[in-house]
Amino acid sequence: HLADSAEDLESLYREARSASQLNHPNITTIYEIAHSGKFNFIAMECIDGETLKSKIQREVLSLEEIVHISIATLNGIKAAHDNKIIHRDIKTENIMVTESGLVKVMDFGLAKNLDRENITKVSKTLGTIAYMSPEQVEGSKVDQRSDIYSFGIVLYEMVAGRLPFIGEHEASTLYSIVNELPPDIKTINPNANPNLIAIIEKTIEKSPDNRYQNISELLDDLNELKGGTFKRRINKISWLSTLPKKINRTWFVSGFIIILLIAFASLIQLVGRGMESARNINSLAVLNFDNIQEPNDPNRLGQILQELIIADLSEISDLKVFSSQRLFDIQKQLGSDNRNSIDPSLATDIALKAGAETMLTGNVIQTGNNLILTSQLITTSDGSIIKSHQVEGIDIYSMVDELTAQIQLDMQLSVGKDEPIDVAVADKTTSSMNAFQHYFIGIDYFNDSHFDEAIIEFNNAIEIDSTFSSAYYKLALAQWWSQSELYNETIENAQRSLSKILNGSWYRTTKEKLLAQGALELTKYNYSEAENIYQQLIDFLSDEKEAWYGLGEAFFHGSKDMDKASDAFERAVELDPEFTIAYRHIFDIYSYRKAYDSGIIRATQLIERNSDNVWGYIFLGQMLIGKEDYTQAKKTFTDALQIDNNLKIIFQYLTNIFIELEQFDEGITFANTLIKSNNAIPQLYQLIAQMYIGKNEIPRAIQTYKTVLIEAPNSYQNLLNLANTYQLNGDHDLAIAQFRKMERDFPEFWKSKGMILLSSIYIEQGRYKDVIGLIEEGLSYLKESDLNTKADLLNSWAFLSYLLGDYNTANTKVDQVISSSVSLNNQLIGYLVKGMVLLEDNNFSELFNIMQVAQDSVNQHRGESFFDILNSAIRFNYYFAKKDYNSAIAEFDNMDDEGDFKNRYNYYVALIHIELKDYPKAMEFINAMRKPLISSDVRSFIYPRSFYLEGLVNEAVGNIESAKQNYQTLLGIWQDGDKEAPDYQNVLQRYTSL
């Protein structure tokens with residue numbers, strides 16, 4: 001913690017030295033506090049473990065763990081208290097837990113010696129807000145009972161899995177700490193121990209006099225609970241009786257001013273006298289502002305007014321203002337197709353459905369440069385007018401500031417004379433009407449899923465106003481959601497946009513901050529962190545559709561819990577019946593579960609509801625592809641093009657259909673016709689390149705991808721496509737060169753995915769150790785909570801060790817996965833690799849046990865294609881090892897062709913047919929292994945081995961020269977590979993013997 005002056009720095013040193021004198025096994029040891037050059041530093045003990053915050057996010061703690069961690073933490077805090085030092089920043093992020101269970105309290109950066117008064121004046125918020133005691137919030141004197149309260153919040157978080165007080169604004173969180181009851185733990189965790197709940201309730205009493213008076217008292221109760229002798233003798237004080245009767249008017253200043261006040265520790269003004277507590281909180285729906293002269297409102301004047309008024313009022317801590325997005329979503333639910341303004345005939349119904357006590361409507365007239373703004377504040381329940389206002393002027397921003405000041409008075413939200421001046425609305429949004437107009441045009445494109453066009457408009461808005469936070473957030477979502485359609489570095493761009501919002505603090509509310517944080521974690525594939533953030537947001541704002549969508553993404557891609565993901569996405573489309581991106585995941589889940597008929601019914605209903613919405617046709621086509629009805633799917637996507645011939649995803653689906661139907665020439669003609677009609681989008685060139693690959697005209701595909709790369713050079717996807725095509729052509733060095741460009745130009749994508757994609761080239765070359773090196777590098781970038789990504793990499797490491805003949809390492813890596821708390825699919829892949837190792841040892845009994853474990857695990861996921869495939873693969877291994885070839889082939893036939901997974905088993909099925917001396921059948925599978933349109937990660941394993949298999953066939957039928965040529969071809973592919981690998985040695989020996 002840096003101090004601003006020599007006096008502050010010396011004060012900080014004195015307190016740090018006090019903390020360094022603490023010598024206790026549950027406190028992080030401070031070795032040195034010193035100065036070197038221009039740096040001040042503290043050297044402290046390095047702890048190999050994780051924070052309690054991370055542990056809570058990762059797993060549900062048992063009662064025994066909670067009590068153990070609590071007692072150890074309190075012993076550390078007690079040692080500090082015994083030395084007259086209070087911590088003042090007790091939180092789960094400042095408590096470390098090692099793998100062996102050792103607990104350490106860290107960061108005495110805010111610690112205060114009780115013998116000194118106000119010795120430290122560090123310019124930072126004193127303690128993390130959610131853990132602050134009421135007396136800290138009020139700016140009152142704090143003692144050891146403040147640490148007891150903060151620890152009580154930690155204890156609450158361990159039991160409930162969430163914090164008790166989280167408001168939409170930092171100001172409302174502070175208000176809740178002082179004035180509101182924490183949520184009943186039993187409603188959050190019904191299995192919580194009632195005695196532990198009683199201890200928590202006493203620990204977080206509002207009044208310090210009603211809490212435990214010292215750590216020893218709290219430790220006594222916890223030790224009794226641990227020993228089973230605890231009696232519920234706590235005389236619970238009713239929180240209602242201890243809550244302040246009234247609060248100060250200063251709660252109504254903007255969140256921005258509140259945070260400045262906190263930062264300078266001026267919180268004493270925040271609580272005192274005023275109006276009733278938060279249960280009487282006001283709520284307002286800002287509805288339609290009609291443009292009288294131009295009802296179509298071409299310049300979006302009414303829409304801009306609505307957004308400005310919402311922005312100006314949304315920071316008042318005890319006024320709930322509904323977002324325009326929420327109001328438009330409700331309008332959609334009521335059947336309106338108006339997307340730019342609230343229908344006056346639906347205004348009352350919308351306000352009632354939102355739960356708003358009051359609503360604001362009005363109109364605007366422009367005469368020359370002069371504007372006349374008229375408004376009516378209305379009671380929603382009976383339609384009575386509370387107050388009408390008319391504001392005139394030439395500057396819409398100052399007019400809105402004047403109007404919202406009047407509304408605060410009308411709703412009895414007037415600020416006191418000692419309040420700081422509110423921030424002007426132009427500083428909260430954008431001071432440019434032109435930027436707003438581009439923003440709303442972008443929103444129109446965004447809502448229609450034309451993300452590339454939306455990106456252009458949001459960028460136009462940002463070029464006019466570089467601090468327009470709403471434009472940055474929507475830009476980030478468009479960049480992220482378009483990644484499968486727009487071949488550009490969209491994930492990295494999204495991360496940059498979100499980081500600008502967060503690093504610049506360009507958010508008005510905690511909601512905006514959490515949405516940006518959650519989206520950023522998703523783009524970085526940190527699904528556990530994203531899940532926690534979105535759940536936190538939903539806990540206090542249950543009707544936020546983007547939070548439900550983000551939570552569904554975290555479940556879908558992280559834990560792959562499709563039940564939870566489906567519930568989240570369904571909630572999102574319930575809130576917004578046209579939330580296309582959520583519907584896309586709903587239909588992805590239909591595909592995942594092979595519920596194509598149900599998906600067809602749902603898609604047909606969407607088409608019947610709105611035949612002009614292209615997405616119903618897209619979803620229907622997706623389901624028909626799942627049923628392998630490619631002809632009907634092709635017709636459906638052609639119908640979709642009649643509605644929207646610029647939506648890129650349609651061309652991607654048509655590409656796959658032409659490939660499945662092997663209509664390569666027709667696909668090229670189709671794409672060229674559209675290109676000639678001035679529809680030269682990158683996906684059409686992608687389609688042409690894929691058709692050339694299907695025809696095995698790889699050089700023409702390379703040339704096509706080079707053309708695309710010239711048109712769109714800032715694209716990692718185009719580099720990846722070109723690299724994969726070079727690999728198909730056997731130009732490994734050129735393929736690797738594209739990945740090196742990717743590493744240089746797109747470092748974030750390289751770290752998250754690029755290096756793993758490069759591994760397919762190394763595997764094809766037999767360079768397994770180089771791939772392990774990439775995996776080790778990838779592991780070094782992961783966070784502690786990235787358990788499933790880590791499991792993916794460990795499973796790959798195990799498989800590569802198996803290919804190297806290092807079965808001990810393979811087993812070690814697999815066992816790490818199987819024994820950890822990772823998704824079922826990762827555990828099953830681990831069992832699959834373990835089965836391959838057991839197959840080498842002919843360990844049939846253990847292989848059978850693995851098959852049974854997999855069978856039991858999959859039973860609860862029957863009908864979900866990926867789990868069914870993995871189960872069949874594990875059973876295949878068992879029958880293959882037992883030489884029960886008929887059963888093995890039956891399991892192979894049961895596999896769905898999910899993501900080319902089945903193609904990997906062409907190798908083993910070909911071996912079976914060679915063993916059975918059915919050489920023509922073996923050659924069918926060998927030729928299938930060389931098809932160019934197999935995904936690169938699968939083809940890299942089976943393509944080189946196809947030459948080995950063909951060599952076996954030629955040997956068996958007496959074509960020795962052909963066999964030698966086959967083996968020589970494979971040895972050429974593996975010339976830079978690991979020579980000790982068993983497969984390499986086997987091929988070399990066969991070639992040498994011939």
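When only C-alpha pairs under 8 Å and at least 6 residues apart count, what is the relative contact order of region 897-994, in percent?
21
Over region 507-579, calculate the relative contact order: mean separation of alpha carbon pairs under 8 Å at least 6 apart, over the residue count, as a percent.
Value for region 507-579: 25 percent.
Quote the convex hull volume per residue of region 608-706, based on C-alpha atoms, as a whole number of Å³.
Taking the convex hull of the Cα positions in region 608-706, it is 86 Å³ per residue.
If we count other beta carbons within 10 Å of each Cβ, what is the order of 953, 154, fewest first?
Listed from fewest to most nearby Cβ atoms, that is 953, 154.
Suppose every K and R has +1 on its Cβ and every D and E has -1 on its Cβ; what is the size of the dipole of region 880-980 about the Cα centre, in Debye to the nearest 20?
Charge dipole, region 880-980, about its Cα centre: 240 debye, nearest 20.
In angstroms, what radius of gyration and Dmax does region 530-604 have, counting Cα atoms only?
Calculated on Cα positions, Rg and Dmax stand at 12.1, 37 Å.
List the pair-distance distribution P(r) of region 430-504, using every Cα-Cα distance, as the percent of pairs falling in each 5 Å bin from 0 up to the bin containing the longest distance, rounded to whole percents.
Per 5 Å bin, starting at 0, the Cα pair percentages come out as 3, 21, 30, 25, 16, 5, 1.
Over every pair of different alpha-carbon atoms in region 581-664, take the mean of 1/r and invert it; report that Kirkwood radius in Å.
Kirkwood radius, region 581-664: 12.6 Å.
Of 753/790; 883/917; 474/545; 500/560; 387/545; 564/783, which sit over 22 Å apart, Cα to Cα?
500/560; 387/545; 564/783
Against the 2.2 N^0.38 Å scaling, with N counting residues, where does region 281-427 land? I'd like the Cα-based Rg ratio to two decimal places.
So the Cα radius of gyration is 1.00 times the expected 2.2 N^0.38 Å.
For region 507-579, give the magnitude of the charge dipole about the Cα centre (Cβ charges: +1 Lys/Arg, -1 Asp/Glu; no others), in debye to the nearest 20.
My answer is approximately 300 debye.
What are the lysines whose alpha-carbon lies under 18 Å from the alpha-carbon of residue 931, with same-chain residues fewer than 8 places away excluded?
695, 902, 921
Around residue 919, what is the net charge, scoring Lys/Arg as +1 and Asp/Glu as -1 over all other residues with Cβ under 15 Å from its Cβ?
Computed value for this residue: -3.
Reachable lysines from residue 226, Cα under 29 Å, same-chain residues fewer than 8 places away excluded?
53, 55, 78, 84, 91, 104, 186, 202, 206, 236
Could you size up the charge dipole of region 430-504 around its Cα centre, putting +1 on the beta carbon of Lys and Arg and -1 on that of Asp and Glu, and report it in debye to the nearest 20?
The dipole of region 430-504 has a size of about 320 debye.
Please work out the Kirkwood hydrodynamic radius for region 882-989, using every pair of different C-alpha atoms, and report it in angstroms with one decimal place.
Averaging 1/r across every pair of different Cα atoms and inverting gives 14.5 Å.
Pairs of alpha-carbon atoms within less than 8 angstrom and 6+ residues apart define the contacts here; what relative contact order does region 732-782 have, in percent?
32
Can you give the net charge of the other residues whose Cβ lies under 10 Å from the Cβ of residue 664, counting K and R as +1 and D and E as -1?
-3
Per-residue counts of other Cβ atoms within 10 Å, averaged by peptide: what ranking do you get for 389-395, 531-537, 748-754, highest first?
531-537, 748-754, 389-395
For region 935-986, just run the numbers: alpha carbon Rg, then divide by 2.2 N^0.38 Å, N being how many residues it has.
That works out to 1.16 for region 935-986.
First obtain the Kirkwood hydrodynamic radius of region 281-326 from its Cα pairs, then insert it into the Stokes-Einstein equation at 20 °C and 1.002 mPa s, and state the resulting D in µm² per second as a whole number.
My calculation gives 188 µm²/s for D.
Coordinate-derived values only; no laboratory data. None of the values given here were measured: they were computed from a predicted structure. Methodologically, a virtual Cβ is constructed for each residue, glycine included, from the backbone with ideal geometry; neighbour enumeration extends over all protein chains shown.
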